[in-house]
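The values are calculated or read from the model by the stated rules, or taken from the named source; none is laboratory data. Computed from a prediction, not measured in an experiment: that's the story for all the values here. Note: ideal-geometry Cβ built from the backbone for every residue, glycine included; neighbour counts use all protein chains shown. Surface areas here come from the heavy atoms of the whole protein model, side chains and all, with no ligands, DNA or RNA. Shrake-Rupley method; radii C 1.70, N 1.55, O 1.52, S 1.80 Å.
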Amino acid sequence: MVWLTIIFVFVMIWALIYPITDYWQRWFSPSVLKRGQSHPQKVDREKKVCLTFDDGPNPEITPQVLDILAQYHIPATFFLVGYRAEHSPEIVRKILDHGHEIGVHTYRHCHAYGMFIHKSINTILQGIQILEKIAGKKVVWFRPPWGALNLFELLTVKYFRLKIVLWTANAIDWDIRTTPVQIVERLKKKLQPGCIIVIHDAGGDPEAPRHTLEALPELIGQVQAEGYRFVTLTNIQEN
Ligand SMILES: [Zn+2]
């Protein structure tokens with residue numbers, strides 16, 4: 001009986017640290033920016049859409065993404081992985097010089113369920129430090145890898161007053177089997193006012209960002225043809 005009680009308490013603590021915190025912030029937390037489906041009371045009427053890129057910077061792909069965005073005069077937000085930013089600080093500066101926003105996507109891009117106290121705190125802290133050092137200003141946006149967050153990360157994010165951002169439209173473009181046509185089609189199906197699109201300029205299959213790059217002009221063109229305007233996260237939040 002004693003052992004059963006110990007196991008029960010252990011499981012309950014584990015559940016609180018991982019799945020309960022994760023599901024709360026994913027589906028119910030009012031402070032998480034994931035406009036549209038999760039907060040129907042806040043559904044936007046204006047046809048604004050926010051384009052976000054995860055897992056970069058990628059020395060080969062990100063500059064080409066920036067060229068396409070400049071060609072169409074649209075802003076985006078880049079959720080950067082700390083160790084990659086450390087290797088390519090000039091690309092981070094270029095992203096900012098082009099008028100885009102950046103956010104923290106942790107330092108190592110580890111999954112929340114595989115980290116305990118020290119690693120959870122450090123991956124966020126190091127991510128913030130490297131981005132703020134390069135950018136020379138405070139970083140406010142945070143996106144957890146795979147959208148998953150544990151209790152230690154959540155407390156760290158709250159301590160540093162970061163704003164958590166998830167997404168409402170995901171193309172699964174990190175998978176090399178997803179074609180450029182499928183990327184555009186999947187995102188168009190989920191398009192709605194206040195939509196936050198997530199695509200990747202790095203991460204996943206090494207060749208997958210090429211499909212994203214190829215899909216990008218078509219995606220921008222089709223979204224604009226539907227009457228939508230691309231805005232920054234700051235702008236969509238203030239909406
Ligand atoms: Zn990621």
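Filter the stretch 199-238 down to the residues that are touching a strand residue (DSSP E or B) at 6+ places or on another chain (Cβ under 8 Å), outside any helix (DSSP H, G or I) and open to solvent by 60 Å² or more (accessible area, probe 1.4 Å) and list them by number. Scanning the stretch 199-238 gives a single hit, 229.
Considering 19, 30, 89, the condition of being surrounded by 12 or more Cβ atoms within 10 Å (Cβ to Cβ) and either free of Cβ contacts under 8 Å to residues at least 40 places away in the same chain or in contact with a Leu (Cβ under 9 Å, 6 or more places away or on another chain) (or both) is satisfied by 19 alone. Which ones in the stretch 72-86 are in contact (Cβ under 8 Å) with a residue 24 or more places away in the chain and either part of a helix (DSSP H, G or I) or away from the ligand (no atom under 15 Å from the Cβ) (or both)? 72, 74, 75, 76, 82, 83, 84, 85, 86, listed by residue number. Counting the residues of the stretch 130-175 that are out of contact with any strand residue (DSSP E or B) (no Cβ under 6 Å at 6 or more places or on another chain), within 16 Å of the ligand (Cβ to nearest atom) and charged (D, E, K, R) gives 2. Restricting the stretch 197-214 to residues that are modelled with pLDDT under 95 and within 18 Å of residue 52 (Cβ to Cβ) leaves a set whose member that is farthest from the chain's Cα centre (by Cα) is 204. In the stretch 43-63 there is at least one residue matching the filter, namely being assigned to a helix (DSSP H, G or I) and more than 21 Å from residue 144 (Cα to Cα). Could you check, for the stretch 98-106, whether at least one of its residues is open to solvent by less than 10 Å² (accessible area, probe 1.4 Å), of a type outside the set (Lys, Arg), without any contact (Cβ under 8 Å) to a residue 60 or more places away in the chain and assigned to a loop (DSSP other than H, G, I, E, B)? Within the stretch 98-106, one or more residues are open to solvent by less than 10 Å² (accessible area, probe 1.4 Å), of a type outside the set (Lys, Arg), without any contact (Cβ under 8 Å) to a residue 60 or more places away in the chain and assigned to a loop (DSSP other than H, G, I, E, B).
Evaluating residue 99 against the criteria (1) within 15 Å of the ligand (Cβ to nearest atom); (2) of a type outside the set (D, E, K, R); (3) on the phi > 0 side of the Ramachandran plot leaves one unmet condition, (1).
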